[in-house]
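Reading through the structure tokens given below for one structure.
Please treat every number below as a calculation from the coordinates, not as lab data. Fair warning: this is a prediction, and the values are worked out from it, not measured in the lab. In this analysis, Cβ positions are derived from the backbone assuming ideal geometry, glycine residues included, and neighbour counts consider all displayed protein chains.
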């Protein structure tokens, strides 16, 4: 029994030494930290900052408001000038509309007056035609009487009863009566021509124009209404142009007087560089946010191990106090003194880390675990070549243990 205990003790001692020595010579990092890229929320304009996220470590989702900036001192004089000019154009447009309404009303009155004048003039010409026809009938009657008198005088003259002087007077009377009939017919023709023109709106005659005063005023008003229509179109075009300029200026003013800053990616509020209500300048850093989509593991290794590594080589990562092992890939070999590589990372290197050689490992599997999705700062070790413990675990896992 004593011999068996000695053999078992020696076997356990040998196994322990094998594991200790094997793990020591296995390719393992001295330290490893879950890290991620930082992006800085900067002020696009100057103004007073109102923080929507106020606690360090608060989770933010894509599109979530983290802060907004308001500049109450922005100069809006140009916008006010444009609005004043647009208001003046609208006043001018209203004046033109009222003037057009007044002129249209006046034109309606003159149009009614012109129609009344045309109707009265037509009735007057028709009365003159009727009067001239009556005068023509009277002249025709006188012509018939003069013709009879001339024929009797001619017969008496042939018989020697009538003197030559009486015959001449009868002939002259007949000629005058004949001319009176022709004159009456010509006057009828004149009045009929005047009637036709009057019905067409053109009035001909002696000592007056071809159109009455009301018609002339209608033409003047039509010309003025046409000019007002052109002015109205110009004012409307200028108003539309001012509207476009005002819209553009309002967009510019809104863009320069207020800004809503939203998170671009899921992350964690890492640091606040301004206080709530503080005035910030344009381009000033406001908030540092960790990008949880860019999780990496930064590790420090010895020079001998570093020289054996290559980009794209597989690696494994295990957190301290956690039995899970995650597969990853080497994506960067930073070498020694890699402090500049941590400028945009959440967790900076320790002095001991800078004395070793920097290696960056990408482990996509971390994002699949809710507790590790943004576990920035958690530490562990990166295994670049398998040791006894890893081989033992794979053996036990093969048998379901």
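Give me log10 I(q)/I(0) at q = 0.17, 0.20 Å⁻¹ for segment 312-363, Debye formula, one equal scatterer per alpha-carbon, no solvent.
Those come out to -0.62, -0.82, one per q.
Go ahead and run the numbers for FRET between residue 369 and residue 8, Cβ-Cβ distance against an R0 of 35 Å, rounding to 0.05.
Using R0 = 35 Å, I get an efficiency of 0.30.
Which FRET efficiency value, to the nearest 0.05, is calculated for residue 58 and residue 116 with the Förster distance at 60 angstrom and r the Cβ-Cβ distance?
E between residue 58 and residue 116, to the nearest 0.05, is 0.10.
Where does each of 70-78, 49-57 land if you order them by average Cβ count within 10 Å, highest first?
Put in order of decreasing packing, that is 49-57, 70-78.
Which order, highest average first, do 240-253, 336-349 follow once you tally other Cβ atoms within 10 Å for each residue and take the mean per peptide?
336-349, 240-253
Between [x] 27, 25, 23; [y] 125, 24, 15; [z] 41, 22, 19, which matches semi-axes √(5λ) of the Cα gyration tensor in Å calculated for the structure shown?
Recomputing semi-axes √(5λ) of the Cα gyration tensor in Å here gives the entry labelled [y].
Which parts of segment 229-255 would a label at residue 91 reach, counting a residue when its backbone N lies under 16 Å from a point 7 Å out along Cα-to-Cβ?
The answer is 239.
Based on the Cβ-Cβ distance of residue 178 and residue 101, what FRET efficiency does E = 1/(1 + (r/R0)^6) give at R0 = 41 Å, to the nearest 0.05?
Using R0 = 41 Å, I get an efficiency of 0.10.
Roughly how far apart, in whole Å, are the Cα centres of segment 225-273 and segment 66-100?
Between the Cα centres of segment 225-273 and segment 66-100 lies a distance of 12 Å.
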